[in-house]
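The values are calculated or read from the model by the stated rules, or taken from the named source; none is laboratory data. Predicted model, so just to flag it, every value in this text is computed and none were measured. Cβ placement follows ideal geometry from the backbone for every residue including glycine, while neighbour counts extend to all protein chains displayed.
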Amino acid sequence: MTFDLRRLLDEHRPDSHRLFAEHVNPRFASVLRTIGFDRFFVRAEGQYLWDAQGHRYLDFLGGYAVCNVGRNHPTVKQALSDCLDMDLPSMVQFDAPPLAGMLARELTRRIGRGLDRVYFTNSGTEGVEAAIKFARAATGRPGILFAERGFHGLTTGALSLNGCQSFRQGFGPFLPETRMVRFGDLADLEGALRAGDVAAFLVEPVQGKGVHIAPNGYLASASRLCHKYGALFVADEVQTGICRTGEFLAIDHDQGCEPDMVVLSKALSGGLVPVGAVMVRQRVWDKTFSSLDRAIIHSSTFHMGALAMAAGLAVLHVCDAEQLAARAKRMGALLRDGLDELRQRYDFVKAVRQQGLMVAVEFGAPKSLGLRAAWTAMNAIEPDLFAQAAVMPLFEDHRIMCQVAGHGQPTVKFVPPLVIDESDVAWAVAAFDDVLREMHGLGGPAPKLFARLGRNALTRRSYEVAATESGMGDE
Ligand SMILES: Cc1ncc(COP(=O)(O)O)c(C=O)c1O
């Protein structure tokens, strides 16, 4: 019998949610059903997904910002299939893989700033773990500072730098000597640095949770302060890097910023093969990999795999060829203008935040008394509910996939592929207009949201009954 992936997929596709619930994550399967996201996507291209019925969806979630060049980009696909066709040796381990050297050179050319060494990883959180180790090795100090609301991944070291309590709960104790400072507050940072035990301050230039943008000049001043107190400055550009914010890196918006390390991942993958990179200043690298017997003192089996390196090279080529940074700037401004116009018309919309194609719409208490009651009621139940009241109809009624921007933040977030065009922006703005009109209707968003949740919960319940009968699930 031959292995036939197409046939396997065709046979099992109708069962995919059940299989996932039975063997992977029944809780998440229930969440998907409850919020109406339990669709079967069969194809993806650029900024679009298609379900089994042939409906096209606009992907404003972008796989958590991994799809900057668009899904299944032909150049990235070609590079990967070339790799396989050539029967390239990958993960030989005791060799110097040529694709790794080439990708490292391309990255250093684009980033400059003396970040001349590249340590490759398989994910963002792995890059953060490496940065923590390198900073401690280079400075001989234990302390790591992070910002409130910061998100750097969910492995134990990265979680120790997580500024959201909800992620941390139940997983302590965390790495010692990790301390939180207020985002954008230089005095708070300096106060923490004065202790003299800080190896590094790790910060996102634009925070993924809620799309909070560093104030003008903050990153440059923070890097100077770190250096003044003998600490390193680490920019976590896992989400903001690779043209997302309208520049190759988000720190490029703040010219005086002098990082000692930059962590990249997500979009370098082309959305196809996991890859990450830590850009490291030479003297930091030298202190870590400090002798021949420490030449691979930090490493992992899969890092520098040929497919990952090829994907990275192809992604950088596409970013240049399609001028994706400029495109993100242009499309981001267009989207911001459209959403800002809605902000002026709709009472619930408090703020629109945007840098390139990292965009957030934050809801806030309305002036009108009638709507204020709905706002208060929903927030009393759960602060995320308000944003969910927009995310659900955007998906169910308008086929736009996006997400709530973070726990306890009444904010909707958009991180689409950077290849979106004017018609996609028009689609999103018109859809948001319609959703906001509904939310501002008689009684506000609460009754409609609860009707949706109720309807989906009913179908979920019948699904869970079926699941329990087949011996699965513990709900
Ligand atoms: C800023 C930032 N750092 C690190 C990570 C962790 O990356 P990964 O999910 O690849 O481990 C993320 C993921 O969302 C992120 O947004």
Matching helices (runs of 4 or more DSSP H) fully within the stretch 324-442 where at least 1 residues are β-branched (Val, Ile, Thr): 369-381, 384-396, 422-439
Elements of type helices (runs of 4 or more DSSP H) contained in the stretch 8-87, each with 1 or more residues being within 30 Å of Pro98 (Cα to Cα) and basic (Lys, Arg): 74-85
From Leu272, Leu268, Leu202, Leu219, residue being more than 16 Å from Ile111 (Cβ to Cβ) and outside any loop (DSSP other than H, G, I, E, B): Leu202
Residue match in the stretch 111-122 (condition: in the same structural domain as Val280 (by TED's automatic domain parsing), in contact (Cβ under 8 Å) with a residue 60 or more places away in the chain, part of a helix (DSSP H, G or I) and within 24 Å of the chain's Cα centre (by Cα)): yes
Selected residue [crowded, with 23+ Cβ neighbours inside 10 Å and in contact with a Ser or Thr (Cβ under 6 Å, 6 or more places away or on another chain)] from Ala147, Ala158: Ala158
Failed item in (1) farther than 25 Å from Leu335 by Cα; (2) free of Cβ contacts under 8 Å to residues at least 40 places away in the same chain, with Gly241 passing the rest: (1)
Unique match (being more than 30 Å from Arg117 (Cβ to Cβ) and without any contact (Cβ under 8 Å) to a residue 60 or more places away in the chain) among Val361, Val352: Val352
Test: residue in the stretch 219-235 that is more than 16 Å from the ligand (Cβ to nearest atom), in contact (Cβ under 8 Å) with a residue 40 or more places away in the chain and touching a Cys at 6+ places or on another chain (Cβ under 8 Å): yes
Inter-residue pairs, beta-carbon under 9 Å, first among the hydroxyl-bearing types (Ser, Thr, Tyr) and in the stretch 163-190, second assigned to a helix (DSSP H, G or I) and modelled with pLDDT of 95 or more, 6+ apart: Thr178/Ile132; Thr178/Gly157
Subset of the stretch 124-137 that is among the small types (Gly, Ala, Ser) and farther than 27 Å from Ala187 by Cα - its residue that is farthest from the ligand (Cβ to nearest atom): Ala130
Selection count where residues are more than 16 Å from the chain's Cα centre (by Cα) and either closer than 26 Å to Ala222 by Cα or within 14 Å of the ligand (Cβ to nearest atom) (or both), scope the stretch 249-295: 22
Test result for Arg109, basic (Lys, Arg), crowded, with 20+ Cβ neighbours inside 10 Å and either under 26 Å from Val206 (Cβ atoms) or away from the ligand (no atom under 16 Å from the Cβ) (or both): no
Some residue of the stretch 297-319 being more than 23 Å from Arg117 (Cβ to Cβ) and modelled with pLDDT of 95 or more: yes
